[in-house]
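The next block holds one structure in the form of structure tokens; read it before the comments.
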Amino acid sequence: MTDVSIDLDTEARVRADDRAHVFHSWSAQALIDPMPVAGGNGATFWDYQGNSFLDFGSQLVNLNLGHQHPDLVAAIQEQAGRLATIAPAMANDVRGELARRVTEVAPDGFEKVFFTNGGADANENAVRMARLVTGKRKVLSMYRSYHGSTSTAISLTGDPRRWANEPGDGSVAKFFGPYTYRSPFHSSSPEEEAQRALQHLEQTIVLEGASTIAAIIIETVVGTNGVLIPPPGYLNGVRELCDRYGIMYIADEVMVGFGRIGQWFAFQEFDVVPDLITFAKGINSGYVPLGGVVISERIAAHFDTVMFPGGLTYSGHPLACAAGLATFEVFDRDGILERVRDLGSRVIEPRLHEIASRHPSVGDVRGIGMFWAIELVKDRETREPLVPFNAAGAEAAPVSAVAAACKRDGLWPFVHFNRVHVAPPLVIDEDDLVRGLGIIDRALSQADEYV
Ligand code: PLP
């Protein structure tokens, strides 16, 4: 299956076409040189020069079942041979069956799924539903968050990616979420962090005006902004505030849903039930674009006799749904959720703590399941980040050096700001996982030089 070979002519052609004609997302076009990828299998992908890489970022934390999973490929092929596409207004076997499977793993009372093309439009539509049902407009989201790059989704996003898109949707207000390692509330324990973050959120609600707020949207475990695990009681507290003030709670499960932390939906780990759930990525490992909103009863009932004004031509695409159904089968057959919990606690967690103990540049390691971050600092005492906030170019050199060392050793890392994330495909061989953690261990010596 693995076909790593050298083909420099093809590589030159791929690179030339890409550089001449592909306008890349989130990039200054003249400053990038995207790597031509020749193929992939499981947790590995390779270039045209004979180099292969362990994929420790799962292609934007998307490829939960790895590259070229035979069951997903076969399901797409079979569906393509039968009915390649059909408009969203039609009833369709795989779409209906997938919606049923999704509701079966959601909490009681979630019986309807609205399919989208990805994560951003799932969030757009969840907000649209909350606004229509509550008759209110404002939405609260965290500073440390990413919710997508479409119009409202980029406004919901708290991190610097929203800056160039502002003012955007003027009805979004930001609040600080909990971040135990760098507490914005000067707290000294996770419990205190949860309590103070909730007080801050309640003040934000009061000052923004509960009568104006339709929804609060939260990544259950904050993803690209740091793998921030909610401290005990935080999400339950958010639920209580939402109930008290008549606000909808939207759980953004785009990155963490469908297995990343060892649960179907990450909020199940924290024993809380939102009003709307958004998902994408892991539902079918992005083999064909798919996302969606799982809708609780009260919200679904509102649209029984009132039209829901939204939808896209490709929503609930049969090829995407077929891959989603195959995903459920693989998860059940291969015990993926159990595997994630096992590898997370037995292999990743102890190994990362051991790595942290030896590298002075490691300030914190945190995570759950197969979703971890190593946070790099200049000084463990002061916790000064190894690179300044939102660093780019020369300023980011210490972290770029870690990434380059990983690549030299055959691992493609997920590096963001002053962190190295560990998010390989959930199907990675245990040996490869251990090998990859070893590569990161060695690469961190680069960061130690800047301490
Ligand atoms: N929400 C979260 C938490 C994400 O991580 C992402 C993408 O990384 C999105 C939403 C946007 O998803 P998409 O890129 O499919 O639109």
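None of the figures in this text is laboratory data; all of them are computed from the coordinates on show. Just so it is clear, the structure is predicted and the values come from calculations on it, not from any experiment. All Cβ positions, even for glycine, are placed from backbone atoms using ideal geometry, and neighbour counts span all protein chains on display.
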Problem - Residue ranges of helices (runs of 4 or more DSSP H) in region 336-427 with at least 2 members in contact with a strand residue (DSSP E or B) (Cβ under 6 Å, 6 or more places away or on another chain) - result: 349-358, 397-408
Practice task
Taking only region 314-339 into account, find how many residues are acidic (Asp, Glu) and in contact with a Gly (Cβ under 9 Å, 6 or more places away or on another chain).
Solution key: 1
Practice task
Keeping to region 161-177, report how many residues are within 14 Å of the ligand (Cβ to nearest atom) and aromatic (Phe, Trp, Tyr).
Solution key: 0
Practice task
List every residue pair whose Cβ atoms lie under 7 Å apart, where the two residues are 6 or more positions apart in sequence or sit on different chains, the first residue falls within region 152-170 and is closer than 16 Å to Val222 by Cα, and the second residue, located anywhere, is charged (D, E, K, R) and within 14 Å of the ligand (Cβ to nearest atom).
Solution key: Ala153/Glu124; Ile154/Arg161; Ile154/Arg162; Gly158/Arg144; Asp159/Arg144
Handout entry: Any hit, region 40-59, residues being free of Cβ contacts under 8 Å to residues at least 40 places away in the same chain and of a type in the set (Gly, Ala, Ser)
Key = yes
Exercise for the section: Working only within region 178-217, note down all residues that are under 22 Å from Ala373 (Cβ atoms), charged (D, E, K, R) and touching a Lys or Arg at 6+ places or on another chain (Cβ under 8 Å). Expected result: Arg182
Completion exercise
Within region 72-93, residues surrounded by 13 or more Cβ atoms within 10 Å (Cβ to Cβ) and free of Cβ contacts under 8 Å to residues at least 40 places away in the same chain come out as Asp93
Practice task
Kindly indicate the residue of region 147-160 that is surrounded by 15 or more Cβ atoms within 10 Å (Cβ to Cβ) and more than 10 Å from the ligand (Cβ to nearest atom) and also nearest to Leu235 (Cα to Cα) among those meeting that condition.
Solution key: Gly158
Exercise for the section: Confirm whether Ile250 is within 19 Å of Ala197 (Cβ to Cβ), within 12 Å of the ligand (Cβ to nearest atom) and either in contact with a Lys or Arg (Cβ under 8 Å, 6 or more places away or on another chain) or not aromatic (Phe, Trp, Tyr) (or both). Expected result: yes
Handout entry: Candidates Arg144, Arg100 - the one that is basic (Lys, Arg), within 12 Å of Cys321 (Cα to Cα) and either within 14 Å of the ligand (Cβ to nearest atom) or free of Cβ contacts under 8 Å to residues at least 40 places away in the same chain (or both)
Key = Arg100
Problem - Top-ranked residue of region 253-297 - restricted to ones that are more than 10 Å from the ligand (Cβ to nearest atom) and of a type in the set (Asp, Glu), ranked as nearest to Glu111 (Cα to Cα) - result: Glu297
Exercise for the section: Could you pull out the residue among Leu376, Leu411 that is closer than 25 Å to Tyr143 by Cα and touching a helix residue (DSSP H, G or I) at 6+ places or on another chain (Cβ under 6 Å)? Expected result: Leu376
Problem - region 33-60 - residue that is closer than 17 Å to Tyr287 by Cβ, among the aliphatic types (A, V, I, L, M) and touching an Asp or Glu at 6+ places or on another chain (Cβ under 7 Å) and, of those, surrounded by the most Cβ atoms within 10 Å (Cβ to Cβ) - result: Ala43
Completion exercise
Those residues of region 57-84 that are within 27 Å of the chain's Cα centre (by Cα), more than 16 Å from the ligand (Cβ to nearest atom) and part of a loop (DSSP other than H, G, I, E, B) come to a total of 4
Exercise for the section: Consider Val306 carefully, then state whether it is farther than 24 Å from Thr220 by Cβ and in contact (Cβ under 8 Å) with a residue 24 or more places away in the chain. Expected result: yes
Completion exercise
Filtering region 270-321 down to residues that are on the phi < 0 side of the Ramachandran plot and among the basic types (Lys, Arg) yields Arg298
Exercise for the section: Could you grab me the full set of residues in region 108-134 that are within 26 Å of Thr305 (Cβ to Cβ) and either within 14 Å of the ligand (Cβ to nearest atom) or free of Cβ contacts under 8 Å to residues at least 24 places away in the same chain (or both)? Expected result: Asp108, Phe115, Thr116, Asp121, Ala122, Asn123, Glu124, Asn125, Ala126, Val127
Completion exercise
Subset of region 226-247, residues within 18 Å of Ala373 (Cβ to Cβ) and within 16 Å of the ligand (Cβ to nearest atom), comes to Gly226, Val227, Leu228, Ile229, Pro230
